[in-house]
Every structure is written in structure tokens, then in C-alpha cells.
Amino acid sequence: MTKRSTKLAASSAADGEAPASSRAARAAERRQAIVDAAMEEFIARGFAATRLDDIAKRAGVAKGTIYLHFKDKESMFEELVRTVIVPVVTRLTTLPPPAGSVRDLVEAFASNFLKEVINTRRGDLVRLIVAEGPRFPSVADFYYREVVSRGMAGMRTLIELGIARGEIRQKDLARYPQILVAPAMIAVIWQSLFARHSPLDAQEMLRVHLDLIFGERRTT
């Protein structure tokens, strides 16, 4: 093959790759636009009342385009959970062994969780699941598998470590890791229902809660 033909072949290959790459980028952008629109519609209307037509209109795409990425409304909701909530929980399950106390690790994670969830779209999504999960068991089941079970496993591991180190005296707490994360759920629900009547300091409530479990911090 001559140098000229080699250059032409390389140029043709590059021309072929560029459009493919551009198409993939546009498809990814449309998919993200659909997910973002679904988030807004689900939160505004609820899962049951949201229509694919509304999502398509908000995303600026044809309704048929949605079916190129998602088979139905439920799969779209699952994608939201995977991209919005699961990464927060994954941080808990991939935490390195604590260099300090178990309480410090739990408090740091829980504090960040509160900041990232309570007054954000993540919190709205959690509240939506709490409100509509009983009517849509498959959605609740998915959320349990992807979020709750992982979170409980991570908390149980930390509790067992706290017991082994003597930081937690109540050994039965490992059977009920839900207790450790209770303030987060209370804060999420309280924020949407009662905050206008009685604002809740979620961070301070967390501190008091951890004092009950680990004992009050000693001051020097």
C-alpha cells in the first residue's frame, strides 16, 4: 500500500469514528435529559400520575425516543435510584477501616448523608418512595435491594466493629441496624411534613442519637 493510500485509509477510518462517537455522545445526552426530566416529573406529580408524554415534553424529545432508552416508567425510576441514591450508599459500603473511632466514622458518613439528602432532590426521591412504595411493590422491592439492604449491611458491619472495640455496649444493636440510621429517615420525612411548623436540626439530633448509642463525648 502506498503512503497516499495509507493516509486515505486512515482518514476514512477517522471520519467513520467521529460520527459514531458523536452519535453516542448525543444519545447519552438525550438519555440524561430524559432521566433529569423524569426526576422533575416524578417529584412534581408522583410516580402514579406521571405520564411518559410529560417526561418527553420536559426533556424535549419525542415520546418514541424514550423507548430507545427505557422500556417503561418503572425502569426509568430504577435508573434514577441507581444514579442518584445508590452512589451515596455505596460510599458507606466501601469505607476503609476507621483510623479513629467507629463513632467518628459513622458521624462523618451520617453528616454527609444528611447534607446530600435532606434538602436536595435525593430527599424528594426518598420521600416519593415512602409515599408511593406501598402502591407499587416492585418499586419498593427494587429500592430495598439496591439501597436499603446495602445500607443495612454497611451499618451492621460498623456496629459489629464498634462492639468488638468496646465502643458500643448494647450487642443487640447489630440485630437492628435500622436504629442507627433512624435519624436520617426521621429527618427526611419531617422535612416534608412538619418543618414549616417546627424546624428540625437534623445534625444536632444525630449527635444526641449517637450519644445514646456510643455514650456522650468526653470534654477535656
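The values are calculated or read from the model by the stated rules, or taken from the named source; none is laboratory data. Nothing here was measured: the structure is a model prediction, and the numbers come from that model. A quick note on method: Cβ atoms are made from the backbone with ideal geometry, for glycine too, and the neighbour counts reach across all protein chains shown. Areas reflect the complete protein model, heavy atoms only, side chains present, ligands, DNA and RNA absent. Shrake-Rupley method; radii C 1.70, N 1.55, O 1.52, S 1.80 Å.
Applying 1/(1 + (r/R0)^6) with r as the Cβ-Cβ distance of Ile189 and Ala24 and R0 = 41 angstrom yields a FRET efficiency of 0.50. Here the accessible area is traced with a 1.4 Å probe on the protein chains. For the chain, carbon and sulfur cover 56 percent of it.
Helix 202-214 axis versus longest C-alpha principal axis of the chain: approximately 50°, rounded to the nearest ten.
Our analysis of the chain gives Rg over Rh at 1.14, with the two radii drawn from alpha carbon positions and Rh computed by the Kirkwood formula. Over the stretch 93-212, the hull volume per residue, using the convex hull of the C-alpha atoms, is 111 Å³. Rolling a 1.4 Å probe over the heavy atoms of the protein chains gives the chain an accessible area of 59 Å² per residue.
One decimal place: the segment Lys63-Ala108 gains 11.9 nm when fully extended, by the rule 0.36 nm per residue minus the C-alpha distance. Ordered by solvent-accessible area of protein heavy atoms (1.4 Å probe), largest first, the residues His69, His197 come out as His197, His69. Computed extension length for Arg150-Ala131: 4.7 nm, one decimal, from 0.36 nm per residue of separation with the Cα-Cα distance subtracted. Relative to the longest principal axis of the Cα atoms of the chain, the long axis of helix 3-45 lies at roughly 40 degrees. The Glu160 and Thr120 beta-carbon pair, evaluated with R₀ = 30 Å, returns a calculated FRET efficiency of approximately 0.50.
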